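> Submitted below is the structure of interest, expressed as C-alpha cells.
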Amino acid sequence: MDHEQVGRYRRIYVWEWPVRMYHWINAIAVILLIGTGYMIGNPQNTFYAAEAYQMYFFGTIRFVHFVCAFIFFFNFLVRIYWGFVGNRFSRWTNFITFRKAQWKEMWDILRVDIAQADPRMHHKIGHNSLAALVYFLSFLMFAFQSITGFAMYAANTTAMLPRMFTFIKPIMGGDFGVRQWHHAGMWFFILFTIVHVYLVFYHDYVEGRGTTSSMIGGWKFERKDILE
Amino acid sequence: MSKPNRPTMWEAMQNKGYSRRDFLQYCSAAAAAIGVGSSGLSDVIHAMETKARPPVVWLHFQECTCCSESFIRSSHPIVADVVLDYLSLDYSETLQAASGHQAEKCLWDTVNNYPGEYILLVEGSIPSKGDGAYCMIGGRSALSILEEAAAGAMAVIAWGSCASNGCVQSANPNPTGATSIDKLIDNPVIKVPGCPPIADVMTGVVTHVLLYGGPPELDNQGRPKEFYSRRVHDTCYRRPYYDAGLFVDSWDDENARKGYCLYKMGCRGPVTYNACSVTRWNEGTSYPIQSGHGCIGCSEEGFWDNGPFYQHLASFPGFGIESTADTIGTVLGIGTVAGVAAHAVTTNIRKRKLMKETMDESVQGARVKRDK
C-alpha cells in the first residue's frame, strides 16, 4: 500500500482572523477608492438635471471616497498593530527584507514566477520574501496616499487628523502637486491589484497549496517532508 | 542729513484739509478692509491718530508691473487715500515723479533715515544666474538692492507671485534663475501671491501692517490667512454644479451657456487659495470663473508649469504635453494585463508536465483510500 501521498500534506493555520479581516476590508476599500477616485479625477456628466439643487451625484461620489479613505486608513493602523502582536506569519519583521537569505529567496521566486522554473524549489509558508518586499513598498504607498489624501481633505474640514498632514503641501508645490501625485499613486494600486490577483491564481493553480482559500479560512497546506 | 519729522496719519490728513468726519469714515473703511469689526474701530482710530505715517519703499525687479496696475485699481479704500494719505510712498519706479539720480536718492534716503521703520514692498523676482546681470537698476544688481533695502525694513511684503514664488519667469528651465525673495533674505516675508494679487487684498495687507505694526497671521506658506485660507472652489458660486456633477464639456457647449462648473475644463479653483470669489475684482464686478473662464491658479506656487491650463490633470513630466498620469497608467495597465495573460498561457504550456504528475499522484492517493 502506498500511503505516502495520502498523508503527505499538513494543514497550517497561517492567517489569523484579524489579518483576513484586514485583507478583505482593505480590498473592498481600495476597489471603491480606485473607482470613485478615478471618477473624481475624470469627471463625466453622468446624469442630467435642469438645476444643480436637484442632484448631489458628484458630492456622493466624493463622500464615498472619503468614507472609504477613513476606513482604509484605520484598517491600515490595525494591521500595523497586528504586526506586533500577531503570529509569526504576520509579524512586522517579515516585511523587512535585508538579510542575504531573503535576497536569495527573492531571486529563486523570480525564477519560479517569471522564468517559470520548477515551483517545488521554494517552500515559504507565509509571505515569501519577494511578496514581503512588495507589501512593504505597498505599505509605503498606503502611507503616501493617506498623507496626500488627508492633506487635500484638510481644506474641507476643521478636524484635527487631516490637518496634521498639511505640512506636505509646500513640499509638493501646493494642492495641485499633491492632487497630481495622489492621482498618479492610484495607478500603483491598479497595477498591484492586477499582478496580485494573478499571482494568487497562478500559485494556487500550479502548486495547489490553498493559496486562495488561505485568505478566507486561514489555512495553507505544506508537504510534511519539507516541514520536518 | 537731518531726519524729517513725520506727521501721524491723522495729522497728515488734517494737513490735506480733511475733516474729522472724513477721517472717521476713512478709518471705518480701512477697518472693514482688514476685517476689523465695529468693536475694534476705536483701536484703528487710535492707531491712525498716534502712529507716524510709515515711509514705504516699493521695489520693482523681474516683473510686469501688473501688481502695481492692480493696486492702483483698488476700490476700498480708494487708491488716492492709500497712496497719498496714509502711506508715504517714497520710492516706486512706476508711480514716482522723480527720475534718475533723484529717484535713487529718495530710495536710499528713506532706507538710511528710517531704519526699522519703513515698509518694503517688493514686486518681482530676483535673477540668481549670471551674477544678477539679468536685472540691473541704477548700475546695481537686483539682489544687492534688495539685500540693502531689506536689512532695515520694519516689514517686507512680497507683492504677487513673482516675489512670492518666482512666477512665469522662473518656469522650467528658468534661464535667469528667477528666485522668490524669501529665499534670498532673512527677513520674515509676507507673501501676497497672485498674478496679480487682488487690489483690495493688497490694500488690506498694507493696512494691517500699518495699523498693527507687524504682519497678519500667516499660513504655512507665508500668506495672510485672512485672504488665503479658503479655496476659490469652496467660495465659488458655481460650486453647486460641481456637487451635482454638472460640468462644462467644451467652451461653446450648452452647459457653458448655462454656467455649469468648469472643473472638467481644467479650472484650478479646487487647488487654489485666494479671495477671488469673495472680494472679486474691479470693485467687486466679477472674477475669472464668473466670466466663464476657469481659474488658472495664479496665486499658487508652480502654476506656470502645471499646464495645460484647460486640462484637469497636468501633463506628466518627461512624457510629452498630451500625456497625463492617466495616459501612462493606462499604458502600464494594458501592458500588465498583457504580460499576465502571456504568463498564463506559458504556464499552461511549461507546467503541463508538472501538473500532470501532481494530478496523477493525487488520483493515485485517492484510489488507495477507496481500495482500503
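> State which residue pairs qualify: first residue more than 17 Å from B:W304 (Cα to Cα) and inside region B:263-276, second residue assigned to a strand (DSSP E or B) and among the polar types (S, T, N, Q) in any location, beta carbons under 9 Å apart, and separation of 6 or more residues or different chains.
Pairs that qualify, where the first residue is more than 17 Å from B:W304 (Cα to Cα) and the partner is assigned to a strand (DSSP E or B) and among the polar types (S, T, N, Q): there are none.
> Look through A:I194, A:I190, A:I226 and report the one residue that is closer than 13 Å to A:I125 by Cα and of a type in the set (A, V, I, L, M, F, W, C).
A:I226
> Right, next: Within region B:210-265, how many residues turn out to be open to solvent by less than 30 Å² (accessible area, probe 1.4 Å) and at positive phi?
Residues flagged as open to solvent by less than 30 Å² (accessible area, probe 1.4 Å) and at positive phi within region B:210-265 amount to 3.
> Which one of B:G194, B:G204 is in a loop (DSSP other than H, G, I, E, B) and either outside the structural domain of B:R223 (by TED's automatic domain parsing) or closer than 23 Å to B:S277 by Cβ (or both)?
B:G194
> Would you check if B:G297 is closer than 20 Å to A:G173 by Cα, surrounded by 20 or more Cβ atoms within 10 Å (Cβ to Cβ) and within 10 Å of chain A (Cβ to nearest Cβ)?
yes
> Still on this structure, please answer the following. Output the residue which, of all residues in region B:190-202 that are modelled with pLDDT of 95 or more and aliphatic (A, V, I, L, M), is farthest from B:F227 (Cα to Cα).
Out of the qualifying residues, it is B:I190.
> Exactly one of (1) open to solvent by 60 Å² or more (accessible area, probe 1.4 Å); (2) not in a helix (DSSP H, G or I) is unmet by B:E11. Its number?
(2)
> Oh, and also: So B:D234 clears everything in (1) more than 24 Å from B:S88 (Cα to Cα); (2) in contact with an Asp or Glu (Cβ under 9 Å, 6 or more places away or on another chain) except one condition, right? Which one?
(2)
> Select from region A:17-76 the residues that are closer than 24 Å to B:G333 by Cβ and part of a loop (DSSP other than H, G, I, E, B) and write down the one among them that is least open to solvent (accessible area, probe 1.4 Å).
A:P43
> Another question, if that's okay. Only one of these is under 29 Å from the mean Cα position of the chain (by Cα) and of a type outside the set (V, I, T): B:A153, B:A103. Name it.
B:A153
> For region A:205-216, which residues satisfy the criterion of being assigned to a helix (DSSP H, G or I) and more than 9 Å from chain B (Cβ to nearest Cβ)?
Correct list: A:T211, A:T212, A:S213, A:S214, A:M215, A:I216.
> I've got another one for you. Yes or no: region B:335-354 includes at least one residue that is in contact with a Gly (Cβ under 7 Å, 6 or more places away or on another chain) and either more than 27 Å from A:F58 (Cβ to Cβ) or at pLDDT 80 or above (or both).
no
> B:G302 is checked against (1) on the phi > 0 side of the Ramachandran plot; (2) open to solvent by less than 20 Å² (accessible area, probe 1.4 Å); (3) more than 10 Å from chain A (Cβ to nearest Cβ) and fails just one. What number does that condition carry?
Answer for B:G302: the failing condition is (3).
> State all residues of region A:189-204 that are out of contact with any Gly (no Cβ under 8 Å at 6 or more places or on another chain) and facing chain B (nearest Cβ under 7 Å); if no residue qualifies, say none.
Hits for region A:189-204 are A:V195, A:Y198, A:Y202.
> I've got another one for you. All but one of (1) open to solvent by 50 Å² or more (accessible area, probe 1.4 Å); (2) within 18 Å of A:W15 (Cβ to Cβ); (3) of a type in the set (D, E, K, R) hold for A:R209; state the number of the condition that does not hold.
Evaluating A:R209 over (1) open to solvent by 50 Å² or more (accessible area, probe 1.4 Å); (2) within 18 Å of A:W15 (Cβ to Cβ); (3) of a type in the set (D, E, K, R) leaves (1) as the failure.
The values are calculated or read from the model by the stated rules, or taken from the named source; none is laboratory data. Note that the structure is a prediction, hence the values are computed from the model and not measured. Cβ: placed from backbone, ideal geometry, glycine included. Neighbour counts: every protein chain shown. Remember, those area values only see protein heavy atoms, side chains included, never the ligands or the DNA or RNA. Shrake-Rupley method; radii C 1.70, N 1.55, O 1.52, S 1.80 Å.
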